[in-house]
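The values are calculated or read from the model by the stated rules, or taken from the named source; none is laboratory data. On a predicted model such as this, the values are computed, not experimentally measured, just so you know. Note: accessible area is taken over every heavy atom of the protein model, side chains too, but ligands, DNA and RNA are not part of it. Shrake-Rupley method; radii C 1.70, N 1.55, O 1.52, S 1.80 Å.
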Amino acid sequence: MFAIHEELRKDFPQTGCVIQAYLFRTEADARRLADNGSRVRLVKGAYKEPAEVAYQQRHEIDKAYVRILRTLMEGEGYPMIGSHDPRLISIAQELARTAGRKLDEYEFQMLYGIRGDEHLRLAARATACACTPPTAPTGTATSCAVWRRSRPTSGSSPARW
């Protein structure tokens with residue numbers, strides 16, 4: 001994965017990658033990615049992996065998520081927090097503040113239509129948030145690759161969410 005990512009970034013420096021907090025290897029992966037200035041989306045992980053390679057309990061996954069997020073916030077990259085969990089979002093904001101990050105030096109990424117209250121709360125704070133539809137547009141074979149990005153500016157209305 002890293003060789004492909006690094007090669008792509010030579011021509012497309014904004015290329016990012018996704019890492020899953022529930023995998024044991026991800027903490028080491030995050031250190032490597034944070035050191036080279038990458039855009040990194042952190043998610044909990046959605047697939048059932050064996051106990052030999054992944055945390056199985058929710059509290060273990062959450063603790064790993066926070067450790068990895070701290071690494072990303074303290075690094076040189078651009079962390080993208082993939083979570084709808086208000087507690088993890090709050091922790092992410094505190095880690096960003098502690099690391100001295102400005103609001104435009106990280107972002108939240110969520111599925112459109114899930115926890116719309118969080119989208120509005122983040123927009124009201126002028127925090128960067130990207131929303132993606134959970135399915136392809138009706139009548140197309142396109143995968144979930146349509147992004148609606150919004151970086152509200154001072155005085156903008158969260159109603160556009």
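Numerical summary
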{"item": "Cross-link partners of LYS48 among lysines (Cα-Cα below 26 Å; sequence separation of 8 or more within a chain)", "result": "LYS63"}
{"item": "Nonlocal amide H pairs with SER38, under 5 Å, H built at 1.01 Å", "result": "GLY77, TYR78"}
{"item": "Accessible surface, region 10-102, averaged per residue in Å² (probe 1.4 Å)", "result": "54 Å²"}
{"item": "Diffusion constant of region 25-103 at 4 °C, which comes from Stokes-Einstein with the Kirkwood Cα-pair radius and 1.567 mPa s, µm²/s", "result": "100 µm²/s"}
{"item": "PHE12 - accessible surface, heavy atoms, 1.4 Å probe, Å² rounded to 10", "result": "120 Å²"}
{"item": "Built amide H within the under 5 Å cut-off of VAL18, gap 5+", "result": "ARG41"}
{"item": "Accessible area (Å², 1.4 Å probe, nearest 10) - LEU95", "result": "20 Å²"}
{"item": "Amide hydrogen neighbours beyond the local backbone of TYR106, cut-off 5 Å, H modeled", "result": "none"}
{"item": "Length released on extending from ARG115 to THR98, taking residue separation times 0.36 nm less the Cα-Cα span", "result": "3.6 nm"}
